[in-house]
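Report on one structure; see the data block that follows.
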Amino acid sequence: MKLGINGFGRIGKLTLWHHIGRKHFKSLVVNIGRQAGTSLTDIAHYAERDSTYGYLSGFLRGFQAKPVIFDLDETHGSMVVDGIKVQFLREQRQPENINWRAQGVRLVVDTTGQFLDPTEAPSRDIGTLRGHLEAGAEKVIVSAPFKIKDKGRSMPEDAVTTVMGINDNDYDPRWHKLISNASCTTTCLAHMIKPLINYYGAKKILSASMATVHAATGSQEVLDRLPKSGKTDLRKCRSVLNNIILTTTGAAKALSLVIPEMKQIGFIAESVRIPTSSGSLIILVMNLQEEPNGEFIRRDSINTIYRQSAADNPNGYLVYTEQQNVSCDIIGMPRAAAVIEGHETHTRTAEVTIDLEQVPGINRELLSSLDKSLIRVPVTQAVIYGWYDNEMASYVNILGDRTVSVAESI
């Protein structure tokens with residue numbers, strides 16, 4: 001089977017690297033959608049080296065690396081990369097106009113971040129996600145969360161959001177044609193929260209919040225720039241090299257799609273961008289209701305849950321460590337959706353005073369039968385740190401697992 005990759009930015013290039021190394025697909029077709037540099041040689045130059053991960057040859061072979069890109073054919077736009085033929089398309093940007101059918105491509109991974117609405121009909125003028133299906137693909141995997149522009153529309157029945165190791169079985173090959181692989185942050189967050197929900201249950205989690213300290217992305221500016229017409233997020237127009245920048249994340253919304261129990265839990269998600277190229281961190285805060293006569297939830301009990309969950313995880317997506325890490329230590333860590341830094345887990349238990357008179361919907365007769373309306377409830381706040389390589393290791397490698405599993409179902 002051939003694999004189609006639409007887009008050749010950060011995720012697109014690293015997806016190419018992943019599948020060159022994995023050797024599951026006999027050939028790859030990459031749609032760039034425009035001319036790049038002066039020749040195919042410049043595309044090979046870009047594909048061969050990376051400022052974060054080094055040389056493709058080193059990624060594949062380590063210190064024994066030799067060149068791995070050969071047989072450049074400018075006429076046909078093809079090259080051979082470590083024995084796998086890669087065809088580059090440089091003409092059409094809109095999915096409807098990419099002739100996947102003629103290329104023999106049945107499965108496409110869209111890494112552009114531009115086509116995210118699964119409800120839009122194919123359109124050759126503006127381009128839509130469903131255009132890939134119109135162009136001959138049977139399945140499309142999106143390397144980002146779906147975004148439905150018309151809030152009055154619901155998710156189509158042939159679209160599904162999955163995170164590997166969490167709800168990947170929600171994908172039904174008989175029905176689903178559009179599959180979102182969520183985001184790097186949602187992937188990490190899901191693997192941080194799922195073990196706690198499995199152990200305590202959603203009802204015991206009173207509320208949760210998270211902040212991701214996130215590496216820079218291509219949506220930011222290298223130097224300060226005047227905002228484009230209509231742009232409302234002025235901070236992304238400021239230099240990524242010099243600033244900590246507050247931004248937003250859709251992790252909370254996407255999380256409820258892959259862990260339905262989250263709909264019962266009050267949850268807030270925030271994001272801060274920092275001047276690093278990769279390696280990000282989630283700081284998760286959970287408020288847990290204590291058992292009236294049980295032992296208080298402590299740091300060791302939280303860490304034991306993660307330690308056991310990591311040991312039971314067959315894919316290695318969850319990693320538990322008591323080592324002291326920094327962000328660079330996470331870059332390239334294979335298949336780790338979340339690396340729990342047990343050394344930094346913290347808990348604190350306190351009693352929360354609740355005035356039953358102020359509780360909406362409480363039975364008034366029951367209230368009048370009580371000696372007092374004030375009650376004190378023990379609540380433990382837990383703070384958990386989870387690292388993730390937001391590009392290759394935590395996201396692209398798991399995206400590759402999703403891609404292979406879908407390919408095997410076709």
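The values are calculated or read from the model by the stated rules, or taken from the named source; none is laboratory data. Remember, predicted model here, so these are calculated numbers, not experimental data. Here the Cβ positions follow ideal geometry from the backbone for every residue, glycine too, while neighbour counts run over all protein chains shown.
In table form, for the structure just shown:
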item	result
So PRO378, is it free of Cβ contacts under 8 Å to residues at least 12 places away in the same chain and over 22 Å from HIS214 (Cβ atoms)	no
Within the range 204-218, tally of residues that are assigned to a strand (DSSP E or B) and in contact with a Ser or Thr (Cβ under 9 Å, 6 or more places away or on another chain)	6
Conditions (1) modelled with pLDDT under 95; (2) under 26 Å from LYS23 (Cβ atoms): number failed by ALA121	(2)
Selection status of ARG364, among the basic types (Lys, Arg) and either under 30 Å from VAL109 (Cβ atoms) or modelled with pLDDT under 95 (or both)	yes
Given (1) buried (at least 18 other Cβ atoms within 10 Å of the Cβ); (2) closer than 30 Å to ARG335 by Cβ; (3) touching a Lys or Arg at 6+ places or on another chain (Cβ under 6 Å), number of the condition GLU96 does not satisfy	(2)
Matching option when the condition is farther than 29 Å from SER327 by Cα and either of a type in the set (Gly, Ala, Ser) or touching a helix residue (DSSP H, G or I) at 6+ places or on another chain (Cβ under 7 Å) (or both), among SER183, SER229, SER207	SER229
The range 319-339, subset assigned to a strand (DSSP E or B) and among the β-branched types (Val, Ile, Thr), residue farthest from GLY400 (Cα to Cα)	THR321
Filtered residues of the range 1-33 (kept if within 22 Å of CYS328 (Cα to Cα) and either touching a His at 6+ places or on another chain (Cβ under 9 Å) or not in a helix (DSSP H, G or I) (or both))	GLY9
Answer residue from the range 47-87, given it is within 30 Å of ARG124 (Cβ to Cβ) and touching a residue at least 60 places away in the same chain (Cβ under 8 Å) and is surrounded by the most Cβ atoms within 10 Å (Cβ to Cβ) among those	VAL86
Qualifying residue in the range 78-90 (condition: within 23 Å of LYS177 (Cα to Cα), under 26 Å from the mean Cα position of the chain (by Cα) and either part of a loop (DSSP other than H, G, I, E, B) or modelled with pLDDT of 95 or more (or both))	no
Residue match in the range 387-399 (condition: surrounded by 12 or more Cβ atoms within 10 Å (Cβ to Cβ) and over 23 Å from the mean Cα position of the chain (by Cα))	no
Qualifying residue in the range 178-200 (condition: without any contact (Cβ under 8 Å) to a residue 24 or more places away in the chain and not aromatic (Phe, Trp, Tyr))	no
Pick from the range 113-169, criterion in a loop (DSSP other than H, G, I, E, B) and among the hydroxyl-bearing types (Ser, Thr, Tyr), ranking: surrounded by the most Cβ atoms within 10 Å (Cβ to Cβ)	SER143
Index of the failed condition, GLN289 passing every other in (1) in contact with a strand residue (DSSP E or B) (Cβ under 7 Å, 6 or more places away or on another chain); (2) farther than 23 Å from ILE11 by Cβ; (3) at pLDDT 95 or above	(3)
Residue match in the range 340-359 (condition: in contact with an Asp or Glu (Cβ under 7 Å, 6 or more places away or on another chain), of a type in the set (A, V, I, L, M) and either at positive phi or in a strand (DSSP E or B) (or both))	no
The listed residue being outside any strand (DSSP E or B), free of Cβ contacts under 8 Å to residues at least 40 places away in the same chain and more than 26 Å from the chain's Cα centre (by Cα), out of ALA44, ALA36	ALA44
Those residues of the range 338-356 which are of a type in the set (A, V, I, L, M), within 20 Å of VAL379 (Cα to Cα) and surrounded by 13 or more Cβ atoms within 10 Å (Cβ to Cβ), in sequence order	ILE354, LEU356
